[in-house]
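First the structure, in the form of structure tokens, and then the observations on it.
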Amino acid sequence: MGYNLSYGKLPDNRLSPDNSSSPNASSLRHDEFTTIVLPVLYLVIFLASLLLNGLAVWIFFHIRNKTSFIFYLKNIVVADLLMTLTFPFKIIQDSQLGPWHFNSLLCRYSTVLFYANMYTTIVFLGLISIDRYLKVVKPFGDSRMYSITFTKILSACVWVVMAFLALPNLILTNGYPTRRNVDDCLKLKSPLGVKWHSAVIYINTCMFVVVLIVLIGCYIAISRYIYKSSKQFISSSSRKRKHNQSIRVVVAVFFTCFLPYHLCRIPFTFSHLDKILDDSAHKILYYCKEMTLFLSACNVCLDPIIYFFMCRSFSRRLFRKSNMRTRSESIRSLQSVRRSEVRIYHEYTDV
């Protein structure tokens with residue numbers, strides 16, 4: 001899933017007449033940016049993700065599935081952890097610490113798992129936006145849409161569909177690796193695998209566009225509804241404003257992590273552009289693609305921000321586990337102390 005190469009390397013259809021990779025393409029794959037900078041960056045987010053998502057798993061383990069929103073967040077935690085497990089393979093490949101045939105394992109397993117979980121996260125972010133829209137704009141709709149049973153069935157369908165798209169890419173990457181083809185994942189696929197891979201790319205792109213439209217539509221609808229209701233019922237709109245702020249967090253994370261990557265991959269989706277662009281243009285696109293892919297990977301560290309700002313149960317449990325108190329709890333405690341002091345003062349003066 002994703003690019004035709006593991007984690008989006010340069011297309012190797014720009015080959016010299018002897019069917020070997022051109023020197024420029026080879027040097028791009030082995031420069032300091034690829035072998036030092038990228039591995040260090042992925043190592044940082046790998047460690048950060050283990051810490052943040054490990055903490056999220058620990059907290060969500062103590063939270064019941066009371067709402068569909070919480071259940072969607074738990075699915076994102078699982079997808080983020082699975083995606084995080086692919087980072088060490090990316091680090092080993094880019095830093096050239098593994099054997100030459102290591103990339104064949106990367107093409108068959110790690111890359112497929114990376115993209116499958118990335119798009120799983122994208123779908124669940126879209127479902128969260130729909131959930132926020134229904135809770136704010138249509139709170140008295142069909143009760144089945146809000147049931148936890150419906151949420152579990154829908155979530156299971158998402159995982160089944162993503163597995164259906166990913167497994168053929170894994171199975172059909174069955175070519176024998178050699179030093180000439182190991183850098184190009186497409187050359188390790190069967191003819192059917194190449195066709196399936198191309199189909200999955202377009203399916204994933206359509207999936208992203210649909211979720212993008214849903215996110216923007218839900219945000220606009222919620223904002224308009226809150227603006228209208230705030231004029232009539234000022235007191236009742238405070239909670240809805242929090243919903244509006246929470247979906248802003250989702251939109252911000254989505255645009256930061258996934259939009260640059262999908263904009264940058266457009267030239268790589270249309271392979272015939274390789275014949276038009278010169279080496280300098282390819283180098284710029286390569287660096288842009290690698291950095292936007294890194295931004296997509298950073299999603300595993302930004303999702304915990306969504307948990308904290310959008311899920312009250314999560315933030316309360318976090319404060320409770322860390323022996324900290326929320327601002328409202330601190331204010332209530334301070335007010336209670338002041339009332340006690342006033343009562344003691346009056347009792348003393350009465351005597």
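The values are calculated or read from the model by the stated rules, or taken from the named source; none is laboratory data. Since we're looking at a predicted model, the values are computed, not measured. Every residue, glycine among them, receives a Cβ derived from its backbone with ideal geometry; neighbour counts consider all protein chains shown.
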(request) Return yes when ASN19 is of a type outside the set (Asp, Glu), in contact with an Asp or Glu (Cβ under 8 Å, 6 or more places away or on another chain) and either modelled with pLDDT under 90 or crowded, with 19+ Cβ neighbours inside 10 Å (or both) and no when it is not. (result) no
(request) Only one of these is under 25 Å from LEU295 (Cβ atoms), out of contact with any Phe, Trp or Tyr (no Cβ under 7 Å at 6 or more places or on another chain) and at pLDDT 90 or above: LEU97, LEU154, LEU165. Name it. (result) LEU165
(request) Pull up region 93-103, narrow it to residues that are touching a residue at least 24 places away in the same chain (Cβ under 8 Å) and assigned to a helix (DSSP H, G or I), then point me to the one that is nearest to ARG179 (Cα to Cα). (result) ASN103
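Say whether the condition of being farther than 14 Å from THR120 by Cβ and surrounded by 18 or more Cβ atoms within 10 Å (Cβ to Cβ) is met by at least one residue in region 152-165.
No; the residues of region 152-165 include none that is farther than 14 Å from THR120 by Cβ and surrounded by 18 or more Cβ atoms within 10 Å (Cβ to Cβ).
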(message) I want to confirm something. Restricting to region 257-286 and keeping residues that are closer than 14 Å to PHE208 by Cα and either of a type in the set (Ser, Thr, Tyr) or part of a helix (DSSP H, G or I) (or both), which single residue is modelled with the lowest pLDDT?
(response) ILE266
(message) Could you go through region 57-71 and let me know if any residue there is closer than 19 Å to ARG316 by Cβ, touching a Leu at 6+ places or on another chain (Cβ under 8 Å) and surrounded by fewer than 16 Cβ atoms within 10 Å (Cβ to Cβ).
(response) yes
(request) Residues being within 17 Å of PHE208 (Cα to Cα) and among the aromatic types (Phe, Trp, Tyr): count how many of those fall in region 158-183. (result) 1
(request) Starting from residues that are surrounded by fewer than 22 Cβ atoms within 10 Å (Cβ to Cβ) and among the β-branched types (Val, Ile, Thr), keep the ones in region 83-102 and report whichever is nearest to the chain's Cα centre (by Cα). (result) ILE91
(message) Looking only at region 33-57, how many residues end up being under 23 Å from PHE308 (Cβ atoms) and touching a residue at least 40 places away in the same chain (Cβ under 8 Å)?
(response) 8
(request) Would you point out which residue out of LEU170, LEU192, LEU125 is in contact (Cβ under 8 Å) with a residue 60 or more places away in the chain, of a type in the set (A, V, I, L, M) and farther than 30 Å from LYS66 by Cα? (result) LEU170
(message) Restricting to region 152-174, name every residue that is over 17 Å from ILE201 (Cβ atoms), part of a helix (DSSP H, G or I) and not hydrophobic (A, V, I, L, M, F, W, C).
(response) LYS152, SER155
(request) Could you pull out the residue among LEU50, LEU106 that is surrounded by fewer than 18 Cβ atoms within 10 Å (Cβ to Cβ), in a helix (DSSP H, G or I) and either modelled with pLDDT under 85 or aliphatic (A, V, I, L, M) (or both)? (result) LEU50
